[in-house]
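Taken together, the values in this text are just the output of simple stated rules run on the coordinates, not laboratory data. Note that the coordinates shown come from a computational prediction; the quantities given were computed from them, not determined experimentally. So basically every Cβ, Gly included, is an ideal-geometry build from the backbone, and we count neighbours across all protein chains shown.
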Amino acid sequence: MDLEITAEDSTFFCEDGDENGLLNGSSSDEAESTSEPRSGNDRPNMLSEFASEFYSGGSDYSSLMGNKKKNGLFVQKNLLQMWGIEKSGAADSSESRVSMENRKRKKSENEKEQWAVFGLNQKEFEKGKKPAIVQSRSCPFYKKIPGTPFTVDAFRYGAIEGCSAYFLSHFHYDHYGGLSKRWCHGPIYCTSITARLLNICLSVNKRYICALELDKEYEIEGVKVMLIEANHCPGAALIHLRLRDGRTYLHTGDFRASKSMQSHPILLSYHVNVLYLDTTYCNPKYRFPSKEEVIDFVVRTTRKYLQKQPKTLIVVGAYSIGKERVYLAISQSLQILPIYTDASRRRILESFGWSELSGRFSNSRHSSPLHVLPLSFLGLENLNKYLETLNQRFNAVLAFRPTGWTFSEATGSKLDMIKPTSRGNVTIFGVPYSEHSSFNELRDFVKFLRPEKIIPTVNASSSGSRDKMQALFNNWLKS
């Protein structure tokens, strides 16, 4: 079978979307901007090509469900369904379906009235013609920092009234969405790694990018600001803010809480009044093992398979940014070199400036026994086809899907109980390597900070899920 896999072949790798179910080249501005002609003053086309490759690699959108609605949109996870309090689609009553139909009819009638204002008649409306205007979405309250002209991860809303400083916690699409070479609404504050990624991946104008060092305090618009390592993906940061009136806010972006954070001088020195908390896994069933435990399991499993079959190809699924520690641990512990990645991932990795990455990567799939591929690609059928393209260089494939969504309560921290999926010569392990905090880690972090108020930033779209989380927070703060 003659099947050539390249960085440009995003259709084969990602099928309908990236590893979290998002359509590649999303509907936001930055996706479409990468393919437009550039003027003589713009960056060369090679940067546009790199951005296109980058989008095919996927990004982290773990707060969204992989299931599509009929209209192609994605919906945020319903925490109540995850807890078993509500039942999902199959159990919907006929009454709820009638209610949905009524809402759709009412929406259609409202749209007709709106289009009439712009001079569209019934026939034009039914043909789908709409006025050439775009209504901007309002920025959610939890992305605004009260008492400051700051927003966090709020780029998809365009120019936000009253905002003169836009903070970016890290370079994952659900946080940077809305940024592109067209961005002109104000300065973007972020870490140095994220700043480089904005430039090389999205062609954001350097004049708007303001890189801040970790653990160094700055004064911005009269507010003391410090970025703290978030233990998430490279360049991710917690944002610590001290206002003139003495109030202190902490925005976690996405993070994995750790004991080391509890010894950070700034967190020990100033009581946090308001905590904006990453609640991706704020569910008692998610009690992950540590990153170190999962990496140890991955290395032990790899060693065992290689001893049994030396001509085994090792594959690690990864986001465009994230999961680097998994494949680096395999390479370093078992002396496996080089590591194959596509060109766009290598350029991203090189931008980190990590000395341990030097000389570890190759552009040759045939010469490397360790390959890094998009998480969405890691299926039995895809990997069997992939093995065939390597011209019998390898006899088997051992793959790892490192994500918290593979966690099982039945397995818990007993990683040796994980049962892989296999077909033919391909074996895939789903391992609970998470770059978000587990339920216990969230609880310990909250109890350490003891904030006056907690604002959840994930799974917070409904009052029911917010109330459920607030009940948990209250219990944590009482103990």
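Side notes on the structure shown:
- When each of CYS139, CYS184, CYS233 is scored by the number of other beta-carbon atoms lying within 10 Å, the sequence from fewest to most is CYS184, CYS139, CYS233.
- This ranking places LYS453, LYS224 by how few other beta-carbon atoms lie within 10 Å of each, fewest first, which gives LYS453, LYS224.
- The magnitude of the dipole of the stretch 291-431, with charges of +1 and -1 set on the Cβ of Lys/Arg and Asp/Glu and taken from the Cα centre, is near 320 debye.
- The alpha-carbon positions of the stretch 291-431 define a convex hull whose volume is 107 Å³ per residue.
- Selection of GluC sites (Glu not before Pro), the stretch 164-246, meeting DSSP coil and at most 12 other Cβ within 10 Å: GLU213, GLU221
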